[in-house]
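Engineer: The structure follows.
The values are calculated or read from the model by the stated rules, or taken from the named source; none is laboratory data. Computed from a predicted model, the values in this text were never measured in an experiment. So basically every Cβ, Gly included, is an ideal-geometry build from the backbone, and we count neighbours across all protein chains shown. In case anyone asks, the SASA skips ligands and DNA or RNA and just uses the protein heavy atoms, side chains included. Shrake-Rupley method; radii C 1.70, N 1.55, O 1.52, S 1.80 Å.
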4 protein chains.
Amino acid sequence: MTDQRAVREALRTQHIETPSWAYGNSGTRFKVFAQEGVPRDAYEKIDDAAVVHRYTGVAPTVALHIPWDRVTDYGDLARHARERGIGIGAINPNVFQEDEYRLGSVCNPDPAVRRKALDHLLECVDIMDVTGSADLSLWFADGTNYPGQDSIADRQERLSEALRAVYDRLGDGQRMLVEYKLFEPAFYTMDVPDWGTSYAHCVDLGPRAKVLVDTGHHAPGTNIEFIVAFLLARSRLGGFHFNSRFYADDDLMVGAADPYQLFRIMVEIVLGGGLEPAAGVAFMLDQCHNIEPKIPALIRSVLNVQEATAKALLVDAAALRGFQREGDVLSANAVLTDAFATDVRPLLAELREDMGLDPDPIAAYRRSGHFERIRAERADGAAAGWGA
Amino acid sequence: MTDQRAVREALRTQHIETPSWAYGNSGTRFKVFAQEGVPRDAYEKIDDAAVVHRYTGVAPTVALHIPWDRVTDYGDLARHARERGIGIGAINPNVFQEDEYRLGSVCNPDPAVRRKALDHLLECVDIMDVTGSADLSLWFADGTNYPGQDSIADRQERLSEALRAVYDRLGDGQRMLVEYKLFEPAFYTMDVPDWGTSYAHCVDLGPRAKVLVDTGHHAPGTNIEFIVAFLLARSRLGGFHFNSRFYADDDLMVGAADPYQLFRIMVEIVLGGGLEPAAGVAFMLDQCHNIEPKIPALIRSVLNVQEATAKALLVDAAALRGFQREGDVLSANAVLTDAFATDVRPLLAELREDMGLDPDPIAAYRRSGHFERIRAERADGAAAGWGA
Amino acid sequence: MTDQRAVREALRTQHIETPSWAYGNSGTRFKVFAQEGVPRDAYEKIDDAAVVHRYTGVAPTVALHIPWDRVTDYGDLARHARERGIGIGAINPNVFQEDEYRLGSVCNPDPAVRRKALDHLLECVDIMDVTGSADLSLWFADGTNYPGQDSIADRQERLSEALRAVYDRLGDGQRMLVEYKLFEPAFYTMDVPDWGTSYAHCVDLGPRAKVLVDTGHHAPGTNIEFIVAFLLARSRLGGFHFNSRFYADDDLMVGAADPYQLFRIMVEIVLGGGLEPAAGVAFMLDQCHNIEPKIPALIRSVLNVQEATAKALLVDAAALRGFQREGDVLSANAVLTDAFATDVRPLLAELREDMGLDPDPIAAYRRSGHFERIRAERADGAAAGWGA
Amino acid sequence: MTDQRAVREALRTQHIETPSWAYGNSGTRFKVFAQEGVPRDAYEKIDDAAVVHRYTGVAPTVALHIPWDRVTDYGDLARHARERGIGIGAINPNVFQEDEYRLGSVCNPDPAVRRKALDHLLECVDIMDVTGSADLSLWFADGTNYPGQDSIADRQERLSEALRAVYDRLGDGQRMLVEYKLFEPAFYTMDVPDWGTSYAHCVDLGPRAKVLVDTGHHAPGTNIEFIVAFLLARSRLGGFHFNSRFYADDDLMVGAADPYQLFRIMVEIVLGGGLEPAAGVAFMLDQCHNIEPKIPALIRSVLNVQEATAKALLVDAAALRGFQREGDVLSANAVLTDAFATDVRPLLAELREDMGLDPDPIAAYRRSGHFERIRAERADGAAAGWGA
């Protein structure tokens, strides 16, 4: 039996962060399809993030991407967010979109390029100081396309140096999240291709360096929940970049490809204490809405995480442990499948009403006229899209 | 024993087509790195293709991509090519880079979009008529990103209709090559995801519809040489888009990731008679040189195909068949590995000297000053890159 | 809106076939773990299959594997089945477990081995005649482990010959199902590696040759529901070997790895008319219960297919088509996810009660004492396991 | 320029270990094909290993698998080996082939089973003491097949306990190698699925715990040479289980699937100092010769590693570093491809003659009559195959 009050309390206080860049245009290398009403600057992205929070109630922060969200006064941006009821989440430096980074950023063979990249990382810690952000979210596009192009070992040393310099700069209450990715944009090696590489560097650095799991960044067949359980038990799980994929880093809406996998991940989180604030696990989205409208897609994504969490909370942990101890494979498995088969939408609709929200956030958003408003307001000016 | 004279003759008359788009800038969704000296229009791409042919002697045609290579007078473009010693190869329509194609081109649920796409395909047959191109090379970015987004079956019917209309428009001596691709840019379904889909449509259409094998478009673990042997035996192998990949459609230089696989593909070609002109197999490159200079990368790629072909031609077919009949697994395998282990660079250097070429095409290109010339000449004006 | 009466009627008449071999021991190459109470011969396997049907009501046939299920009098075996309320389903020849088949069966370079294999296939058609089985289910372990080991093209010709001989022997109302598999037990080439190969041979043969889709036999990333929709639209979908997998051909309980994928497959079946008897789609399980008890695992598997079917039947097809036509990606997707999120267990429990069954088949089986009975009765004698 | 004398010296002193189990029968779950002349006990396996060393000159040790190679007097077995000119290599405990291990060995939920498994591991250290083996090679088949079957985190704790107990028992000069594997025989989780898990446990344990890389145990797309370079730089690369694969853990002859990958791995070894004895990298084969004769397959495998090593030694490291520093992608890559394209068979034939060996080990073995001898001698008695 699960404690229904505890389930509701956990769901009510859940915190899912949306990324500023998912509000803008994005695409594949073949085409970025422009959409109407997309934000033209960081302020408008924050406005849209506030809308997602207004209808879901569990998305109170927004992650920034620098320089995509560069503004002259970050304090003012943070205030703008606060006024709309949300906070600034993780700061995501971008060290892959300038021509100097053709052969990498902090791992580049050229020390001048490495210096430039490091300076940008340090600048992002400054922005954390100003905005109150607690997490520096590091993803490096660094790698090589051809065997022999560069020394794998040397690049690791350069990476270590940069990470150390940034780690030493972190202030109180600030953390560094080190993301890994199997491939893309580099096609032969990535300099942080898997959780093992990220973990090894975090252990080198110290307790405030944590691994960031992007659910789309693994080799086919990788059991992500194993990684989650492993890192959580060792206090090295910094958080998630949620999205879903069928093939590679497709960046589709989280839960859209394999909702049972998302549930299993959340089961490990719940069983391992990862929903407790003390665990320090950040639940963030990182998605690209290439063909679907962005705001409802983000609302849907937040709901998908919420539904997976609700189902995970319904797992009868005591029964599960009992069957596991007895080696009753089918019954233990059935504890999970029973929770997953449960329709949690009524429970969540009730919860939302308790929270003063519309029970159906997508419908409420559609009725709100927000899209019609931004389509009109933002018709002029350049969209602040991917890379803009 | 292989017949050395026949080997040389086969190599001397080999024909590897380079793609106009590989001479321009390209990149990933994260960044297109600009390079110096890239062509500013289709004429300059042809100039560069002629350079690759000049140093390799086996790259006498260039494939065009429409509208990337749109010109006002295609007859003039063909003449420009002819004057530089090369011909126009396959015409590649592009029905994925306009905003209307967000939900597909010939498979789009909207009949007006389908009509627009079909018109472009038919326009490309017109261009074939003018330029003397024999092959219409069809790749569709069509597909869906989310389950339920569209009807798989309906999209197949729309595809059939479009293919039929184009097939019926083909003139004498013109063929249609139908390419398949597992994923990207669509992430849930592609409308032609695998060779089976392509084959089924080709069989529906008639003998002039053939399957085009892009070596980077398969699921992990796919045995490409099986597909090649299968299609060749059924006269349905239209040709290749050569490139190499470690993960997905990386579009690296052919042979750079797995030269033994390239060799095995060429072994099936040689054993199945696919080098004979009558077989009608088109050997084309389709690559993206994101971080390396384009012209030497294309020269290297042509050489890689040439070396794989040379090794395949050295396979002792009689011995192989003998061991296969006897079920001598190790000896049969050793016939292949012996040919692959042979260093064919001296043979190819000699062949080039026979053909009046420099034995080392890369070195000769570097000495030629071509790059310095185009860097200066093309410093002004916009590069005609990916999608330009 | 879906028609609830039609939904129930479809579920009531659903027909899921269990495989005789799943009742016996199985394992990996590392170990076959023996279980208590497993059948000692084909008669006892049928007894167990009848138990699965007794509790589920939708598993009225059992597939046989020859020679694993060899008996002296197949008429007697069929009668035994009939007396227990079930019928004989597909006949599965086994041409991979004799030493002669080291280099293949119908594709073997040695004509004597090919003859032996063909004779066994023809013997299986004789068994169909006697048992009333309508489907010959063909899976070939044939392939090669090393490049060059045998000729891909020659093996295809040998395969064609054998298939033709068997096809011509089929009687009225008999069909041939041609299964494909990416790899295992052969590791370089399989002679029928993918649906395209199977489809091409079926088209060569005639309308009674159909493709059999084993859900565990694909490359990573393959979209199975695309294949299902494609084949169904062309009347070439013969049926399924259901199971689930995380990595390769894991042969786990169907629905255990990715229940949403199973649902999507059933959606294509429902939308394409594949539940109609006229469609001739056979829904068969093909699983290995290596560590879990076999009978409850098979009951659970039948229920999993049933639940996926129920959810697929709840898809609001009219709404779906509407959103697809409008290009409303999110709403079309939501039609599917809404059906999937529905808890169909109450509906199915009711249905079972209508059918005179216990609403909870697993619990009813456990209470029945069947396992305790067979454990005692079958304690002596050799288990008829995998390969026995 | 590479130093030819150093190249020869490195090749002359190379040490490639063969595994006792590869001399016996093996197969897939579908069938173990029996071969003639296979050994009937550990003594005969050692005899065959000595034959492989006699013809190659670089395979001076053989790994044992306990209990497959159980004898009453291990001192006597070691003496037998010594008399034939070879030594005992790594000891490989087997904790997966008894019925108690159905739900795992050291990670089993049942403490009695864990105790049994641990006792076997400790027994293997005793065998190391007696035979002079320096390496305990640990691979665990432990894992789960179904979500929820057991607690991922609890299993990690049990694993840690067992590893600690064994580590503390190791004597002077003894090491523990911890192997990882993505899947098989468990299909949902493996308890050591990847190098990261292995690495984390090794770091926990101490400097004598090292990661063992089996080249067939990775997810598709994994860059193995990255892992090799990473571990080597951190002194955590214990050694290899070499084999090759196209799909999963195919256990084909090393170098048979992707010789360029094997070369790249050896390049990282050479560049990272991994050929130096001080690096402590063990080069071991771990293969299954299911359809090909075992002894020539092992000779061929040893030669394949040797050829890859020779090519890696020919890499012009100074030129490579120069091009890497300059960011000259194509030239750096060409340093590798030039070395790979070199035909090293003449060099190795010469080396063998210097070493008093036949230049063609396979031909010499075939001429020796060894196979005819063992076929006759071992015709009676049960083959000591996989699991025997």
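Engineer: So for chain B, taking the charge dipole from beta-carbon charges (+1 Lys/Arg, -1 Asp/Glu), which of B:Phe187, B:Ala50, B:Ala363 sits furthest toward the positive end?
Structural biologist: The listed residue farthest towards the positive side: B:Ala363.
Engineer: Consider just the alpha-carbon atoms of chain A and return their Rg together with their Dmax, both in angstrom.
Structural biologist: Cα radius of gyration and Dmax of chain A are 20.8, 65 Å respectively.
Engineer: State which entries of A:Lys181/B:Lys31; D:Lys31/D:Lys294; B:Lys45/B:Lys294; C:Lys31/D:Lys181; C:Lys45/C:Lys210; D:Lys210/D:Lys311 exceed 21 angstrom in Cα-Cα distance in the structure shown.
Structural biologist: C:Lys45/C:Lys210; D:Lys210/D:Lys311
Engineer: Where in the stretch C:131-156 does accessible area fall by at least 50 Å² between the isolated chain and the complete protein assembly, at a 1.4 Å probe radius?
Structural biologist: With the partner chains in place, the stretch C:131-156 has these residues losing at least 50 Å²: C:Asn145, C:Tyr146, C:Pro147, C:Gly148, C:Gln149, C:Ile152.
Engineer: Tell me, how many Å apart are the Cα centres for the stretch C:314-388 and for the stretch C:107-171?
Structural biologist: One Cα centre to the other: 35 Å.
Engineer: Filter the DSSP H helices in chain A by two things, a Kyte-Doolittle mean of at least -0.5 and an axial alpha-carbon span of 20 angstrom or more, and list the hits by number.
Structural biologist: Values: long enough: A:42-56 (21 Å, -0.47); A:111-131 (30 Å, 0.20); A:152-169 (26 Å, -0.88); A:294-313 (28 Å, 0.51).
Within chain A the helices that satisfy the rule are A:42-56, A:111-131, A:294-313.
Engineer: Continuing with the same structure: At a probe radius of 1.4 Å, figure out the A/D buried accessible area, summed over both chains, and give it in Å² to the nearest 100.
Structural biologist: What A and D bury together is about 3700 Å².
Engineer: If I histogram all Cα-Cα distances within the stretch D:112-212 using bins 10 Å wide from 0, what percent of pairs lands in each bin?
Structural biologist: Answer for the stretch D:112-212: a P(r) of 15, 48, 30, 6, 0 percent.
Engineer: Follow-up. For the protein assembly as shown, what proportion of DSSP beta bridges, expressed in % and rounded to the nearest 5, is antiparallel?
Structural biologist: Looking only at bridges with both residues in the protein assembly as shown, the antiparallel portion is about 15 percent.
Engineer: Additional query: If the viscosity is 1.306 mPa s and the temperature 10 °C, what Stokes-Einstein diffusion coefficient in µm²/s follows for the stretch B:87-147 when Rh is the Kirkwood radius over Cα pairs? Provide the component values of the computation, followed by the final result.
Structural biologist: Working: Rh = 12.2 Å.
In µm²/s, the coefficient rounds to 130.
Engineer: If you take each beta carbon of peptide A:308-319 and count the beta carbons of other chains within 10 angstrom, what is the mean?
Structural biologist: Averaged over the peptide's residues, the number is 0.
Engineer: Relative contact order for the stretch C:134-223: what percent, with Cα pairs under 8 Å and sequence separation of 6 or more? List each step's numbers first, then the result.
Structural biologist: Values: 127 pairs, mean separation 31.7, N = 90.
After rounding, I find 35 percent.
Engineer: Mind checking the mean number of beta-carbon atoms from other chains within 10 Å of the Cβ atoms in A:215-224?
Structural biologist: Partner-chain Cβ atoms within 10 Å, mean over residues of A:215-224: 6.
Engineer: Please work out the average accessible area per residue across chain C, using the 1.4 Å probe convention, and give it in Å².
Structural biologist: Result: 31 Å² per residue.
Engineer: Of A:Asn25, A:Asn333, A:Asn243, which has the largest mean-square fluctuation in a 10 Å C-alpha GNM of chain A?
Structural biologist: A:Asn333
Engineer: May I pose another question? Just to be sure I understand: of the beta bridges DSSP finds with both ends in the stretch A:127-283, what percent are antiparallel, rounded to 5?
Structural biologist: If I count the DSSP bridges inside the stretch A:127-283, around 20 percent turn out antiparallel.
Engineer: DSSP beta bridges in chain B, what fraction antiparallel, as a percent rounded to 5?
Structural biologist: 15 percent
Engineer: For the protein assembly as shown, with equal point scatterers placed on the C-alpha atoms only and solvent neglected, what are the log10 I(q)/I(0) values from the Debye formula at q = 0.04, 0.06, 0.08 1/Å, to two decimals?
Structural biologist: -0.24, -0.57, -1.09
Engineer: Please get the size of the charge dipole for the stretch C:141-285, origin at its Cα centre, with Cβ charges of +1 on Lys and Arg and -1 on Asp and Glu, quoted in debye to the nearest 20.
Structural biologist: Numbers: 12 positive and 20 negative charges, 81 e Å.
For this selection, approximately 380 debye.
Engineer: For chain C, with the dipole built from +1 on Lys and Arg beta-carbon atoms and -1 on Asp and Glu ones, taken about the Cα centre, which of C:Asn92, C:Ala22, C:Val270 lies farthest toward the positive end?
Structural biologist: The residue sitting farthest along the positive end of the dipole is C:Val270.
Engineer: Report the equivalent ellipsoid semi-axes for the stretch C:271-347 in whole Å, largest first, defined as the square roots of five times the eigenvalues of the gyration tensor built from alpha carbon atoms.
Structural biologist: 30, 16, 11
Engineer: Just going by the charge dipole of the stretch C:12-77, with Lys and Arg at +1 and Asp and Glu at -1 on Cβ, which of C:Ala63, C:Phe33, C:Gly75 is farthest out on the positive end?
Structural biologist: Farthest towards the positive pole: C:Phe33.
Engineer: If you filter the stretch D:314-388 for chymotrypsin sites (Phe, Trp or Tyr not before Pro), then keep DSSP loop positions with at most 10 other Cβ within 10 Å, what is left?
Structural biologist: Filter output for the stretch D:314-388: empty list.
Engineer: Using only the Cα atoms of the stretch C:181-269, each taken as one equal point scatterer with no solvent, compute I(q) by the Debye sum, divide by I(0), and report log10 of the ratio at q = 0.10, 0.18 Å⁻¹.
Structural biologist: One equal scatterer on each Cα of the stretch C:181-269 leads to -0.24, -0.79.
Engineer: Got a number for carbon plus sulfur as a percent of the stretch D:309-385's accessible area, 1.4 Å probe?
Structural biologist: Roughly 51 percent of what the probe reaches on the stretch D:309-385 is carbon or sulfur.
Engineer: Then there is this: Just from its helices, what would the mean residue ellipticity at 222 nm be for the protein assembly as shown, if runs of 4 or more DSSP H residues each count -39500 (n - 2.57) and the sum is divided by every residue, rounded to the nearest 500 deg cm²/dmol? Before the final figure, lay out the partial values.
Structural biologist: Numbers: 56 runs with 704 residues, N = 1552.
Calculated at 222 nm, the ellipticity per residue is -14500 deg cm²/dmol.
Engineer: Would you tally the net charge around A:Ser20, using a Cβ to Cβ cut-off of less than 12 Å, leaving A:Ser20 out, and scoring K and R as +1, D and E as -1? Can you show the working numbers first?
Structural biologist: On the way: positive: A:Lys45, A:Arg70, A:Lys294; negative: A:Glu17, A:Asp41, A:Glu44, A:Asp47, A:Asp48, A:Asp69, A:Asp286.
Once all neighbours under 12 Å are counted, the net charge is -4.
Engineer: If you don't mind, there's one more thing I want to ask. Which log10 I(q)/I(0) values does the stretch A:240-368 give at q = 0.11, 0.15, 0.19 Å⁻¹ under the Debye formula, counting every alpha carbon as one identical point scatterer?
Structural biologist: Taken in order of the listed q values, log10 I(q)/I(0) reads -0.45, -0.81, -1.17.
Engineer: Among B:Gly221, B:Gly273, B:Gly27, which one shows the highest mean-square fluctuation when chain B is modelled as a Gaussian network with alpha-carbon springs under 10 Å?
Structural biologist: Ranking B:Gly221, B:Gly273, B:Gly27 by mean-square fluctuation puts B:Gly221 first.
Engineer: Follow-up question, since we're still on this one. Treating the beta-carbon of each Lys and Arg as +1 and of each Asp and Glu as -1, no other charges, what is the dipole magnitude of the stretch B:1-81 about its Cα centre, to the nearest 20 debye?
Structural biologist: Numbers: 10 positive and 11 negative charges, 50 e Å.
With only Lys, Arg, Asp and Glu charged at Cβ, the dipole is about 240 debye.
Engineer: OK, next. What does the copy distance list look like for A:Asp360, label position 7 Å along Cα→Cβ, in nm and ordered from shortest?
Structural biologist: Copy-to-copy label distances for A:Asp360: 3.4, 7.3, 8.0 nm.
Engineer: Loop-only check: which trypsin sites (Lys or Arg not before Pro) in the stretch A:8-80 are DSSP coil with at most 16 other Cβ within 10 angstrom?
Structural biologist: Loop-located and lightly packed - A:Arg70.
Engineer: Roughly how many whole Å is it from the C-alpha centroid of the stretch D:1-77 to that of the stretch C:47-62?
Structural biologist: Going from one Cα centre to the other spans 51 Å.
Engineer: If amide hydrogens are placed 1.01 Å from N in the peptide plane, which non-local residues have theirs closer than 5 Å to the one on A:Phe240?
Structural biologist: Sorted by chain and number, the residues that satisfy this are A:Val213, A:Ala282, A:Phe283, A:Met284.
Engineer: Averaged across A:290-297, how many Cβ atoms of other chains sit within 10 Å of each residue's Cβ atom?
Structural biologist: Per residue, the number of nearby Cβ atoms from other chains is 5 on average.
Engineer: Nothing charged except the Cβ atoms of Lys and Arg (+1) and of Asp and Glu (-1): what's the magnitude of the dipole of the protein assembly as shown about its Cα centre? Round to the nearest 20 debye.
Structural biologist: That gives a dipole near 0 debye.
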